[in-house]
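Only one structure is covered here, and it is reproduced in the block below.
The values are calculated or read from the model by the stated rules, or taken from the named source; none is laboratory data. Quantities reported herein were computed from a predicted structural model and do not represent experimental measurements. Cβ atoms come from the backbone with ideal geometry, glycine included; neighbour counts cover every protein chain shown. Heads up: the accessible areas ignore ligands, DNA and RNA and are worked out on the full protein's heavy atoms, side chains in. Shrake-Rupley method; radii C 1.70, N 1.55, O 1.52, S 1.80 Å.
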Amino acid sequence: MKRFTDLVNECLPSISEEFPWDVEEKLGTDEPPLLLDIREPDEFSAMHIENSLHVPRGILESACEYDYEETVRDLVEARTREVIVVCRSGNRSVLAAFTMQLMGYQKVSSMKTGLRGWNDYELPLVNMAGQTVAVDAADEFFTTRLRPDQMKPGD
């Protein structure tokens with residue numbers, strides 16, 4: 001049986017990763033990459049990188065194709081454009097970038113360390129109203145909180 005981390009580690013050698021500071025630099029160029037946030041809707045609503053495209057991981061594959069209710073034209077038409085996939089920690093984005101490569105995306109990468117790393121570098125995040133989210137508030141939001149039923153039972 002494979003664990004989530006096993007799947008991520010198997011995909012890592014096949015994809016490119018970008019550090020947050022490199023992503024920030026690329027976003028400031030004349031031809032910025034498409035920033036694709038694949039987190040869940042509540043995560044995106046709370047905070048995200050300004051101007052990122054939100055497509056939850058659960059509908060990614062159909063959003064990447066025409067003729068589906070989930071089709072996102074900007075994403076479908078980005079197969080030859082640089083796309084950087086982001087999530088909270090940089091794990092889901094690895095799986096998404098790998099899948100997108102299989103689907104013909106030529107310049108897709110994952111943001112290493114995810115939005116946690118972006119916030120650690122004190123780069124700006126905004127809420128749905130476009131207001132800047134304080135670094136401390138983002139730190140609190142990104143803190144892992146497992147319920148007892150989510151923890152591996154003791155041996």
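Just need a number here: residues in the range 108-118 that are in contact (Cβ under 8 Å) with a residue 40 or more places away in the chain and outside any loop (DSSP other than H, G, I, E, B).
Here the count works out to 7.
Among the numbered conditions (1) more than 15 Å from CYS87 (Cα to Cα); (2) among the small types (Gly, Ala, Ser); (3) surrounded by 13 or more Cβ atoms within 10 Å (Cβ to Cβ); (4) touching a residue at least 60 places away in the same chain (Cβ under 8 Å), tell me where ALA46 comes up short.
Failed condition: (1).
Out of (1) under 20 Å from THR143 (Cα atoms); (2) out of contact with any Gly (no Cβ under 8 Å at 6 or more places or on another chain), what's the single condition that is false for ILE59?
Just one mismatch for ILE59, condition (1).
Could you please find all residues in the range 76-91 being farther than 20 Å from SER45 by Cβ and open to solvent by less than 30 Å² (accessible area, probe 1.4 Å)?
Filtering the range 76-91 for residues farther than 20 Å from SER45 by Cβ gives 76-84, 90-91.
Scanning the range 76-91 gives VAL76, ALA78, VAL83, ILE84, GLY90.
For ILE59, are the conditions met, namely being under 19 Å from VAL23 (Cβ atoms) and either among the charged types (D, E, K, R) or at pLDDT 95 or above (or both)?
No; evaluated as a whole, the condition is false for this residue.
Can you name the number of the only condition in (1) open to solvent by 10 Å² or more (accessible area, probe 1.4 Å); (2) in contact with a helix residue (DSSP H, G or I) (Cβ under 9 Å, 6 or more places away or on another chain); (3) among the aliphatic types (A, V, I, L, M); (4) farther than 16 Å from TRP21 by Cα that VAL94 fails?
Going through (1) open to solvent by 10 Å² or more (accessible area, probe 1.4 Å); (2) in contact with a helix residue (DSSP H, G or I) (Cβ under 9 Å, 6 or more places away or on another chain); (3) among the aliphatic types (A, V, I, L, M); (4) farther than 16 Å from TRP21 by Cα one by one, VAL94 breaks only (1).
For the range 135-155, what are the residues that are surrounded by fewer than 10 Cβ atoms within 10 Å (Cβ to Cβ) and among the hydrophobic types (A, V, I, L, M, F, W, C)?
Of everything in the range 135-155, those that are surrounded by fewer than 10 Cβ atoms within 10 Å (Cβ to Cβ) and among the hydrophobic types (A, V, I, L, M, F, W, C) turn out to be LEU146, MET151.
Which count do you get for residues in the range 141-154 that are outside any loop (DSSP other than H, G, I, E, B), within 19 Å of the chain's Cα centre (by Cα) and farther than 24 Å from LEU53 by Cβ?
Residues in the range 141-154 being outside any loop (DSSP other than H, G, I, E, B), within 19 Å of the chain's Cα centre (by Cα) and farther than 24 Å from LEU53 by Cβ: 0 in total.
Kindly evaluate ARG39 against the criterion of being within 20 Å of GLY130 (Cα to Cα), at pLDDT 95 or above and open to solvent by less than 70 Å² (accessible area, probe 1.4 Å).
Numbers: within 20 Å of GLY130 (Cα to Cα): yes; at pLDDT 95 or above: yes; open to solvent by less than 70 Å² (accessible area, probe 1.4 Å): yes.
Judged against the criteria, ARG39 is a match.
Does ARG73 count as out of contact with any strand residue (DSSP E or B) (no Cβ under 7 Å at 6 or more places or on another chain), open to solvent by 50 Å² or more (accessible area, probe 1.4 Å) and touching a residue at least 12 places away in the same chain (Cβ under 8 Å)?
In short, no.
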